[in-house]
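First the structure, in the form of structure tokens, and then the observations on it.
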């Protein structure tokens, strides 16, 4: 049981952890190099400012939520002050942190590097949420020197935040996040960078597709530069593969129809890769979900009424994405449901006056797809995540 915790670093991740712990009744003390950041986090209910000397009893766990470059020195500092029985960090790179922690002489028996797979393109305590890690994986990367009690404490921290702890080697973790997080961020930024050159007419035509692809590009460039610089090899390897694919497609498109197979190959591999992203139950994405389009007015309470109608019909909405129509007071809610429940839901919603389009379950027109949501209108809605 975690009863008392210290969080060093009151940004997005640190404050979200603190908020999640506070919801479970854990006492949380917060520290940050910026006093104003601590004050804001505390005003949001994330805990109280850390006051050393007030209580000689160490906390159950201390979380170092800071950029990778400063974590080892902070870890050595909080360990030397005896702030907690066990320690973890939450940086998105692990091997560089472990290597420097060893060099600085940190106590690895009480330290378990970790990384919660949750985040946002926004930063700071004002963007924090208690449910940020709900249902997400939380990587634990014990060095082999950590005691079983230390590993158990960090696993309990993850569960207390609603996450699923997963033990993984530090180097394997860094290769994995290069594939699923770090390289995708660079790719997203490359697409978004093209928009700088776009004219007003082009941007006016932007739909949900380009918003989905470029969402994470809104993150803090300075923070991402540090993350990438601490995981350069694995990220560069993934980016080289992406660049090779893009170069092959660019050359194929320039050559005309004779190279259509190259373009089709990438599109099909992309579809297959997308289908491997774990769905809501942690396994591979279920290909059998049907997506029911429902026109929804852009007004307060509309989404709540739609959910209530589905609940009255006894149909569970497995996932949802809302495609907004630029310049129009409506959007299209893409409701993912089990195929055998589509007809029931469609009838129930239609009876309550909703504009339902079950005939567009599989193949909207190209024109509708482009106008409503961009090129991925028919794709299964993506789960929330970085």
> Does residue 174 qualify as being in contact (Cβ under 8 Å) with a residue 60 or more places away in the chain and crowded, with 18+ Cβ neighbours inside 10 Å?
Replying inline: yes
> Quick check: is even one residue across segment 130-145 modelled with pLDDT of 95 or more, within 20 Å of the chain's Cα centre (by Cα) and part of a loop (DSSP other than H, G, I, E, B)?
Replying inline: yes
>> With surrounded by 18 or more Cβ atoms within 10 Å (Cβ to Cβ) and part of a helix (DSSP H, G or I) as the only criterion, which of 190, 183, 202 stands out?
In response: 183
> How many residues does segment 7-28 hold that are surrounded by fewer than 24 Cβ atoms within 10 Å (Cβ to Cβ) and more than 19 Å from the chain's Cα centre (by Cα)?
Replying inline: 6
>> Exactly one of these conditions fails for residue 141: (1) under 20 Å from residue 246 (Cα atoms); (2) touching a helix residue (DSSP H, G or I) at 6+ places or on another chain (Cβ under 6 Å). Give me its number.
In response: (1)
>> Looking at segment 146-161, can you tell me whether even one residue there is at pLDDT 95 or above, outside the structural domain of residue 211 (by TED's automatic domain parsing), under 24 Å from residue 219 (Cα atoms) and in contact with a helix residue (DSSP H, G or I) (Cβ under 9 Å, 6 or more places away or on another chain)?
In response: yes
> For segment 279-376, which helices (runs of 4 or more DSSP H) that fit wholly inside it have 3 or more residues that are at pLDDT 85 or above?
Replying inline: 302-312, 342-351
> How many of the residues in segment 7-34 are farther than 11 Å from residue 45 by Cα, out of contact with any strand residue (DSSP E or B) (no Cβ under 8 Å at 6 or more places or on another chain) and in a helix (DSSP H, G or I)?
Replying inline: 1
>> What's the total number of residues in segment 146-163 that are touching a residue at least 40 places away in the same chain (Cβ under 8 Å) and in a loop (DSSP other than H, G, I, E, B)?
In response: 3
> Would you call residue 166 outside any helix (DSSP H, G or I), within 30 Å of residue 24 (Cβ to Cβ) and touching a strand residue (DSSP E or B) at 6+ places or on another chain (Cβ under 7 Å)?
Replying inline: yes
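Just checking, which of 206, 193 is touching a residue at least 60 places away in the same chain (Cβ under 8 Å) and within 30 Å of residue 330 (Cα to Cα)?
Step by step, each of 206, 193 is checked, and only 206 is touching a residue at least 60 places away in the same chain (Cβ under 8 Å) and within 30 Å of residue 330 (Cα to Cα).
The values are calculated or read from the model by the stated rules, or taken from the named source; none is laboratory data. None of the values given here were measured: they were computed from a predicted structure. Reconstructed Cβ throughout: ideal geometry from the backbone, glycine too, with neighbour counts over all protein chains shown.
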